[in-house]
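Here the structure is laid out as structure tokens; the discussion comes afterwards.
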Amino acid sequence: MTNPTLSIVIPTYNEKDNVLKILEKLKKVLRSITHEIIFVDDNSPDGTSAVVKDCMKKSSKIRLIHRIGRKGLAGAVIEGVFAANADLVAVMDCDLQHDETKLLDMINLFSKNNSLDIVIGSRFTETGEISEKAFSKIRELGSKVTTLIIKKVLNLASTDPLSGFFMVKKETFLKSSENLQTQGFKVLADFLATSRNNIEIKEIGYRFKNRIAGESKMSFLTALELIGLVLSQILKGRVSIRFILFCMVGLSGIFVQLFVTGFTMLLINQFPTSQTLGIIAAMTSNYFLNNTITFQERKLKSLDSIRGLFSFYLICSLGAFTNIAIATYIFGFSSNWLISSFIGACFGAVWNFTLTSTFTWKSK
């Protein structure tokens, strides 16, 4: 069999009610285009993958990548592009908010320009818009402000770098793939920032429609991961989103420790005991936040959660000793407590992150 002209990658999570609908829409639009449709499902508990498998029995154009123990739109898109058989790969959501009719316009732009690398479906061009039912006015304003900030901070040449709807040359995408973050939701922004000015971009305006079924994936976690992505790009990708989230959680633990220590001091006025309780409270808070945020795709539950908590206690306790030992050593020849403390804290953070990733959440 010859390779198709277009591969469409559709990441899914709890989208069983939309699978048949999007397939019907794509069938109408792509009648004259040889294509394949790759669903990348993050083990949806609602049975999305089962619906896709039933569809695969009726059409050889439909494929499924069923991911176990891995979650996140960015990682799903990357795996889907790698699995694509076509030279052109379109990425779109399964929630029916993207305009599938624009796929033909995107292909047409590529046929007219061999040097073109990516065509982005944008909500913010003169011909783009957001349906009144898709977003509330407050959320639409928030989306525009966030997009503007991301564009300015990362210096991106796109009106909609947070779009989830685009078509890209597979070869171009794969050149940047090793530097892309698999965690998070905004793979396009990561790709544009990683590629910098080495790619040619075109945009097509489209109307962002209302979700028909299922639930929006936007959440507080999405916002945190977006912040992590921006910070990671500012640091030239040398620090992962996961490590940044781990440090953000650790920062919150400082406030927990201070609050618990201060409150206990008011009750018993015994600093050693108060400080010990504050440290335990901070470690406990950090564990549960990391379990929910930093390692959410490997979240520990039930008895595993208790085992993980004691593993976290042990590793972070050893990390505290490492912090003290390094800081004391540095202070011995620098006599600068601020620099010594900072370097010790950095070593402690790397120790805690590396070992809890490996032994507590087994993510490596």
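The values are calculated or read from the model by the stated rules, or taken from the named source; none is laboratory data. This structure is a prediction, so every number in the text was calculated from the model and none was measured. Reconstructed Cβ throughout: ideal geometry from the backbone, glycine too, with neighbour counts over all protein chains shown. Keep in mind that these areas ignore ligands, DNA and RNA; they rest on the heavy atoms of the full protein, side chains included. Shrake-Rupley method; radii C 1.70, N 1.55, O 1.52, S 1.80 Å.
If one computes the Cα centroid of segment 157-200 and of segment 97-116, what distance in Å separates the two points?
16 Å
Can you compute the FRET efficiency between K57 and S252 using 1/(1 + (r/R0)^6), with r the Cβ-Cβ distance and R0 = 35 Å? Round to the nearest 0.05.
Details: r = 49 Å, r/R0 = 1.39.
So the FRET efficiency works out to roughly 0.10.
Given an 8 Å cut-off on Cα distances and at least 6 residues of separation, report the relative contact order of segment 72-211 as a percent.
On the way: 222 pairs, mean separation 65.9, N = 140.
It rounds to 47 percent for segment 72-211.
Of the cross-linked pairs K151/K362; K28/K152; K169/K209, which ones have a Cα-Cα span greater than 31 Å in the structure shown? Show your work: numbers first, answer last.
Values: K151/K362 35 Å; K28/K152 39 Å; K169/K209 26 Å.
Over 31 Å Cα-Cα: K151/K362; K28/K152.
Of I78, L104, I62, which is farthest on the positive side of the dipole of segment 1-147, counting Cα position, with +1 on Lys and Arg Cβ, -1 on Asp and Glu Cβ, and the Cα centre as origin?
Result: I62, furthest along the dipole toward the positive end.
Rounded to the nearest 5, what % of DSSP beta bridges with both residues in the chain are antiparallel? Can you show the working numbers first?
Numbers: 7 of 30 bridges.
Counting only bridges with both partners in the chain, antiparallel ones make up about 25 percent.
Of V256, L154, Y13, which is farthest on the positive side of the dipole of the chain, counting Cα position, with +1 on Lys and Arg Cβ, -1 on Asp and Glu Cβ, and the Cα centre as origin?
It is Y13, whose Cα lies furthest towards the positive end.
Efficiency by 1/(1 + (r/R0)^6): what FRET value for F321 and K301, r their Cβ-Cβ distance, R0 = 22 Å, to the nearest 0.05?
Working: r = 30 Å, r/R0 = 1.37.
In this case the efficiency is close to 0.15.
Positive end of the dipole of the chain, charges at C-beta (+1 Lys, Arg; -1 Asp, Glu), about the Cα centre: which of F165, V145, I279 has its Cα farthest in that direction?
F165
Treat every Asp and Glu Cβ in the chain as -1 and every Lys and Arg Cβ as +1, leave all other atoms uncharged, and give the resulting dipole magnitude about the Cα centre to the nearest 20 debye. Don't jump to the answer; show the numbers that get you there.
Numbers: 42 positive and 30 negative charges, 67 e Å.
Approximately 320 debye in magnitude.
On a C-alpha basis, how far is the centre of segment 252-309 from the centre of segment 6-20 in Å? Whole number, if you could?
If you average the Cα positions of each part, the centres end up 39 Å apart.
When the accessible area of the chain is computed with all protein chains present and a 1.4 Å probe, what percentage of it is carbon and sulfur?
Working: 11540 of 18840 Å².
The value for the chain is 61 percent carbon and sulfur by accessible area.
Long-range amide H contacts for E129: which residues qualify at under 5 Å (H placed 1.01 Å from N, peptide plane, sequence gap of 5 or more or a different chain)?
Amide H neighbours of E129, under 5 Å, 5+ apart: Y206, R207, F208.
In square angstrom, what is the accessible area per residue of segment 53-93 with a 1.4 angstrom probe?
Values: 1940 Å² over 41 residues.
With all protein chains present, segment 53-93 gives 47 Å² per residue.
For Cα pairs less than 8 Å apart in space and 6+ apart in sequence, what is the mean separation divided by the residue count of the chain, i.e. the relative contact order in percent?
Values: 569 pairs, mean separation 54.2, N = 364.
Normalised by residue count, the contact order of the chain is 15 percent.
When a/c reaches 1.5 or more, the comparison of a/b and b/c decides; with that in mind, is segment 1-47 rounded, prolate or oblate per its Cα gyration tensor? Don't skip to the end; give the middle numbers.
Values: a/c = 3.71, a/b = 1.74, b/c = 2.13.
In terms of gyration-tensor shape, oblate.
Report the relative contact order of segment 245-322, percent, no decimals, based on alpha-carbon pairs under 8 angstrom and at least 6 residues apart. Walk me through the numbers on the way to the answer.
Numbers: 55 pairs, mean separation 22.8, N = 78.
Reported relative contact order: 29 percent.
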